[in-house]
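Novice: Pasting a structure here, questions to come.
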Amino acid sequence: MSDIKSTLKDSKKRTRFVVFNGVIAALYVVLAYFLAPISYGPIQARLAEIMTIFPAFTWATIPGVSLGCLIANLINPDSLGPVDIIGGTLATLIAGVLSYYIGKKNKYLAIIPPILVNGVIVGGYLPFLLFDTVTVSEVLFTMLTVAAGEAAVLIIIGLPLITLINKTDLKNKLP
């Protein structure tokens, strides 16, 4: 009988994990796609990146955020190809892992990895996908604008959301 209870509990945990990550991925895609003019390009403030605060609370949200980024980059109206699809997703995955570890010590500092990692990785390759000729100053400028857009989203919306999650029972609702 205890084996059945254990199996049911594990099944519920798996289902909760899959559903929760599906919701995170879907929200990411919807926010990125429907706000496409500000979600893609060398100057961007991808509101969907608000989802990157969740790994500060639990490792279990990293797949949903990464999958959402992957799908959002796949359906990018400007279709920047495999470099953006893989590079952007990898940047989000790396930032999620770093945010998780930093979030164990300080939830508020967990916004730093998405800002820095996306600024360096995404900002580093975008000029090569968007412009015919690329200069060092254009790469540095794009790194700065991607990081600034990320910082704006995470400081203006992310930090208050972290406070809300911390002060309510919402952190206990995460998988």
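Novice: Return the residues of the stretch 13-35 that are touching a Lys or Arg at 6+ places or on another chain (Cβ under 8 Å) and β-branched (Val, Ile, Thr); say none if nothing qualifies.
Specialist: Correct list: empty.
Novice: Name the residues in the stretch 126-175 that are part of a loop (DSSP other than H, G, I, E, B) and of a type in the set (Ser, Thr, Tyr), would you? Walk me through how you get there before you give the answer.
Specialist: Of the stretch 126-175, the ones part of a loop (DSSP other than H, G, I, E, B) are 131-135, 168, 173-175.
Within the stretch 126-175, THR133, THR135, THR168 qualify.
Novice: Another question about this same structure. Could you identify the single residue in LEU126, LEU144 that is under 19 Å from the mean Cα position of the chain (by Cα) and buried (at least 18 other Cβ atoms within 10 Å of the Cβ)? Even if it seems obvious, please write down each step before you answer.
Specialist: Values: LEU144 fails: buried (at least 18 other Cβ atoms within 10 Å of the Cβ).
After applying the criteria, what remains is LEU126.
Novice: Further question: Which one is farthest from GLY81 (Cα to Cα) among residues in the stretch 130-141 that are more than 26 Å from the chain's Cα centre (by Cα) and of a type in the set (A, V, I, L, M, F, W, C)? Quick ask: steps written out before the conclusion?
Specialist: Taking the stretch 130-141 first, the residues more than 26 Å from the chain's Cα centre (by Cα) are 132-137.
From what is left, the residues that are of a type in the set (A, V, I, L, M, F, W, C) are 134, 136.
On the way: VAL134: 18, VAL136: 22 Å.
If we take residues in the stretch 130-141 being more than 26 Å from the chain's Cα centre (by Cα) and of a type in the set (A, V, I, L, M, F, W, C), then VAL136 is farthest from GLY81 (Cα to Cα).
Novice: Among the listed residues LEU140, LEU159, identify the single one that is within 30 Å of LYS13 (Cα to Cα) and modelled with pLDDT of 95 or more. Step through it out loud before you land on a result.
Specialist: Numbers: LEU140 fails: within 30 Å of LYS13 (Cα to Cα).
That would be LEU159, the only listed residue that is within 30 Å of LYS13 (Cα to Cα) and modelled with pLDDT of 95 or more.
Novice: Of the residues that make up the stretch 1-11, is at least one in contact with a helix residue (DSSP H, G or I) (Cβ under 6 Å, 6 or more places away or on another chain) and either surrounded by fewer than 14 Cβ atoms within 10 Å (Cβ to Cβ) or part of a helix (DSSP H, G or I) (or both)?
Specialist: Pass one, the stretch 1-11, residues in contact with a helix residue (DSSP H, G or I) (Cβ under 6 Å, 6 or more places away or on another chain): none.
Within the stretch 1-11, none of the residues are in contact with a helix residue (DSSP H, G or I) (Cβ under 6 Å, 6 or more places away or on another chain) and either surrounded by fewer than 14 Cβ atoms within 10 Å (Cβ to Cβ) or part of a helix (DSSP H, G or I) (or both).
Novice: Moving on. When the residues of the stretch 11-36 are narrowed to those that are over 16 Å from PHE54 (Cα atoms) and of a type in the set (Val, Ile, Thr), which ends up farthest from the chain's Cα centre (by Cα)?
Specialist: Residue satisfying both the conditions and the ranking: THR15.
Novice: Taking the stretch 73-89 as the search range and keeping residues that are at pLDDT 95 or above and small (Gly, Ala, Ser), which one is surrounded by the most Cβ atoms within 10 Å (Cβ to Cβ)?
Specialist: Looking at residues that are at pLDDT 95 or above and small (Gly, Ala, Ser), I get GLY88.
Novice: Oh, and also: Pull out all pairs, ordered by first then second residue, where Cβ-Cβ is under 8 Å, the residues are six or more apart or on different chains, the first lies in the stretch 47-71 and is touching a residue at least 40 places away in the same chain (Cβ under 8 Å) and surrounded by fewer than 24 Cβ atoms within 10 Å (Cβ to Cβ), and the second is among the charged types (D, E, K, R) and in a helix (DSSP H, G or I).
Specialist: PHE57/LYS171
Novice: Is it true that PRO37 is farther than 19 Å from GLY123 by Cα and either out of contact with any Phe, Trp or Tyr (no Cβ under 8 Å at 6 or more places or on another chain) or basic (Lys, Arg) (or both)?
Specialist: Values: farther than 19 Å from GLY123 by Cα: no; either out of contact with any Phe, Trp or Tyr (no Cβ under 8 Å at 6 or more places or on another chain) or basic (Lys, Arg) (or both): yes.
For PRO37, the condition - farther than 19 Å from GLY123 by Cα and either out of contact with any Phe, Trp or Tyr (no Cβ under 8 Å at 6 or more places or on another chain) or basic (Lys, Arg) (or both) - is not met.
The values are calculated or read from the model by the stated rules, or taken from the named source; none is laboratory data. Here the structure is a predicted model, which means the values were calculated and not measured. Every residue, glycine as well, gets a Cβ built from its backbone with ideal geometry; the counts of neighbours run over all protein chains shown.
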